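*Asks:* I am attaching a structure below and will ask some questions about it afterwards.
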Ligand SMILES: [Zn+2]
């Protein structure tokens, strides 16, 4: 295993990293019980990005699937999960935001949406164009009547998920700043992104 790049994401912050075709992105839950909101864009054409509804539809599951597909009209596999120590993720595309945090008592705070908008802007993505997210390590409880409720996170210290990239990608992750509910077990921590060269 040869790590060719790595970026630590401090608590409540976001970072980007480039992952080239046939490289693997490893996302590690450094301290445990921290979720990350991940966006994936085509490095060379930011109009192509991970699409949650298409990925859910093609693989018939709201919570668990292995391949992250891009939006129409592109509709191509962008990344595939090839190893997963956690197997708990939320693929419903929702991300915390200033309005949600305000409703929970966190007035004036930024959520993953605002954090991702900030890190993607230098790459030419406008704030109203923040793509769908794949919520690594996040547990979403879904009930028969349609209610949904954030559960406690799935990852323990050192757990990771590996995504094999099928094209050159720009990946952005927000180390979720929500400490007002069980999402991150009420404490915000860091995440680690590593790019692994497959030879
Ligand atoms: Zn969040």
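*Asks:* Can you name the residue in the range 68-100 that is in contact with a helix residue (DSSP H, G or I) (Cβ under 8 Å, 6 or more places away or on another chain) and under 19 Å from residue 140 (Cβ atoms) and, of all such residues, is farthest from the ligand (Cβ to nearest atom)?
*Replies:* Filtering first and then ranking leaves 68.
*Asks:* If you go through the range 33-48, how many residues are in contact with a strand residue (DSSP E or B) (Cβ under 7 Å, 6 or more places away or on another chain), touching a residue at least 40 places away in the same chain (Cβ under 8 Å) and away from the ligand (no atom under 16 Å from the Cβ)?
*Replies:* So the count comes out to 4.
*Asks:* Residues in the range 142-166 that are over 25 Å from residue 83 (Cβ atoms) and surrounded by fewer than 16 Cβ atoms within 10 Å (Cβ to Cβ): how many?
*Replies:* Selection size over the range 142-166: 8.
*Asks:* Where in the range 87-199 are there strands (runs of 3 or more DSSP E), lying wholly inside it, with at least 1 residues that are without any contact (Cβ under 8 Å) to a residue 60 or more places away in the chain?
*Replies:* Of the strands (runs of 3 or more DSSP E) lying wholly inside the range 87-199, those with at least 1 residues that are without any contact (Cβ under 8 Å) to a residue 60 or more places away in the chain span 140-142, 148-150.
Read-outs throughout are calculated quantities, based only on the coordinates presented, and are distinct from any laboratory measurement. Quick caveat: nothing in here was measured; it's all calculated off a predicted structure. A quick note on method: Cβ atoms are made from the backbone with ideal geometry, for glycine too, and the neighbour counts reach across all protein chains shown.
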